[in-house]
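Trainee: Attaching a single structure in structure tokens format; questions to follow.
The values are calculated or read from the model by the stated rules, or taken from the named source; none is laboratory data. All values reported here derive from a predicted model rather than from experimental measurement. Counting neighbours? That spans all protein chains shown, and the Cβs are built from the backbone with ideal geometry, glycine included. Heavy atoms of the whole protein, side chains included, go into the accessibility calculation; ligands, DNA and RNA do not. Shrake-Rupley method; radii C 1.70, N 1.55, O 1.52, S 1.80 Å.
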Amino acid sequence: MALAKILVVDDDPAIRNLIQRFLSSKNYQVESAEDGKTALAAFEQFNPDLVILDVNLPDVLGYTLCQDMQNRTKVFVLMLTSRADEADKIRGFAQGADDYLTKPFSLSELEVRVAAILKRQRVVTAAEKQRLTFEKLVIDPERREVTLNNQLIPLTALEFDLLRFLASHPGRVWRRAELIQEVWDYDYVGDQRVVDVHIGQIRKKIEIDATQPILIQTVRGVGYKFEAPNLPEQNNSQ
């Protein structure tokens, strides 16, 4: 199996070199860049699976770079920042970041986050490959594509995983903590509003009116559920 490719973008050479050496020792293929311009050139040539991206770069904000890179490929992005403010994290998630790590951080935590994100690339099982069809909404796990009225809906990797998970259990209510455990796939420590941000992003893309959602419904005081307009044509017995 090919080694996962990781691009580290940080203007602090000590942090950049530390992460590069550490991840290389964990059998990842790693390249690095110190600013946005160099990062984009490396991104084009290297075609990474994951970008570890500092928010504050000398020539561009990491949020902007995150969007730019994800518009080119469906790359995973782990944001690094010295800003511990939840508003900054939520902004990062709204721009498409898959995860967020606040400096200073431990290398062991970085390793766990990286492994959890890259696990989303794993080969899906036969049961998970089953297309989910809800009238004009089609979720195709094998191709990792969502179409609505035959139009391809652009979702980030995490948005896709969250939607697929909810849609494969129609009618079941999930607490935010359960969704984090199931979809993020590790014990996330932080503000659970990250779930709300991602749900909000998905709703903007698949709901007729995101303020009055029909497909992904909020269950007050509990969490969220996917309400199927009809049951999938091929419904797995869970």
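Trainee: If I go through region 127-139 residue by residue, how many of them are at pLDDT 85 or above and either acidic (Asp, Glu) or more than 23 Å from residue 206 (Cβ to Cβ) (or both)? Quick ask: steps written out before the conclusion?
Mentor: Here is the first cut: in region 127-139, the residues at pLDDT 85 or above are 131-139.
Still in the running and either acidic (Asp, Glu) or more than 23 Å from residue 206 (Cβ to Cβ) (or both): 135.
So the answer is 1.
Trainee: Pairs, please: C-beta under 9 Å, at least 6 apart or cross-chain, first residue free of Cβ contacts under 8 Å to residues at least 12 places away in the same chain and in region 152-174, second acidic (Asp, Glu)?
Mentor: 152/145
Trainee: Can residue 124 be described as among the aliphatic types (A, V, I, L, M), modelled with pLDDT under 85, in contact with a Pro (Cβ under 9 Å, 6 or more places away or on another chain) and not in a strand (DSSP E or B)?
Mentor: Working: among the aliphatic types (A, V, I, L, M): yes; modelled with pLDDT under 85: yes; in contact with a Pro (Cβ under 9 Å, 6 or more places away or on another chain): yes; not in a strand (DSSP E or B): yes.
Yes: the conditions hold for residue 124.
Trainee: Any residue at all in region 9-29 that's of a type in the set (Gly, Ala, Ser), touching a Lys or Arg at 6+ places or on another chain (Cβ under 6 Å), without any contact (Cβ under 8 Å) to a residue 60 or more places away in the chain and more than 25 Å from residue 94 (Cβ to Cβ)? First the steps, then the outcome.
Mentor: Taking region 9-29 first, the residues of a type in the set (Gly, Ala, Ser) are 14, 24-25.
Those still in the list that are touching a Lys or Arg at 6+ places or on another chain (Cβ under 6 Å) too: none.
There is no residue in region 9-29 that is of a type in the set (Gly, Ala, Ser), touching a Lys or Arg at 6+ places or on another chain (Cβ under 6 Å), without any contact (Cβ under 8 Å) to a residue 60 or more places away in the chain and more than 25 Å from residue 94 (Cβ to Cβ).
Trainee: Follow-up. For residue 217, indicate whether it is surrounded by fewer than 19 Cβ atoms within 10 Å (Cβ to Cβ) and within 23 Å of the chain's Cα centre (by Cα). Show your work before the answer.
Mentor: Working: surrounded by fewer than 19 Cβ atoms within 10 Å (Cβ to Cβ): yes; within 23 Å of the chain's Cα centre (by Cα): yes.
For residue 217, the condition - surrounded by fewer than 19 Cβ atoms within 10 Å (Cβ to Cβ) and within 23 Å of the chain's Cα centre (by Cα) - is met.
Trainee: Against the conditions (1) open to solvent by less than 50 Å² (accessible area, probe 1.4 Å); (2) modelled with pLDDT under 90; (3) under 19 Å from residue 141 (Cα atoms), where does residue 206 fall short? Just the number, please.
Mentor: Going through the list (1) open to solvent by less than 50 Å² (accessible area, probe 1.4 Å); (2) modelled with pLDDT under 90; (3) under 19 Å from residue 141 (Cα atoms), residue 206 breaks only (2).
Trainee: From the residues in region 127-170 that are under 25 Å from residue 181 (Cβ atoms) and of a type in the set (Lys, Arg), which one is least open to solvent (accessible area, probe 1.4 Å)?
Mentor: Among those that are under 25 Å from residue 181 (Cβ atoms) and of a type in the set (Lys, Arg), it is 164.
Trainee: Could you list, in sequence order, all residues of region 179-195 that are in a helix (DSSP H, G or I) and at pLDDT below 90?
Mentor: Applying the first criterion (in a helix (DSSP H, G or I)) to region 179-195 yields 179-184, 193-195.
Matches in region 179-195: 180, 181, 182, 183, 184, 193, 194, 195.
Trainee: If you don't mind, there's one more thing I want to ask. Of all residues in region 95-113 being assigned to a helix (DSSP H, G or I) and either among the β-branched types (Val, Ile, Thr) or touching a strand residue (DSSP E or B) at 6+ places or on another chain (Cβ under 6 Å) (or both), which is surrounded by the fewest Cβ atoms within 10 Å (Cβ to Cβ)? Spell out the reasoning first.
Mentor: To start, the set of residues in region 95-113 that are assigned to a helix (DSSP H, G or I) comprises 107-113.
If we keep only those that are either among the β-branched types (Val, Ile, Thr) or touching a strand residue (DSSP E or B) at 6+ places or on another chain (Cβ under 6 Å) (or both) as well, we get 112-113.
Values: 112: 14, 113: 21.
The residue in question is 112.
Trainee: Sticking with this one: Mind checking which residues of region 69-94 are under 22 Å from residue 5 (Cβ atoms), touching a residue at least 24 places away in the same chain (Cβ under 8 Å) and open to solvent by 50 Å² or more (accessible area, probe 1.4 Å)?
Mentor: 72, 74
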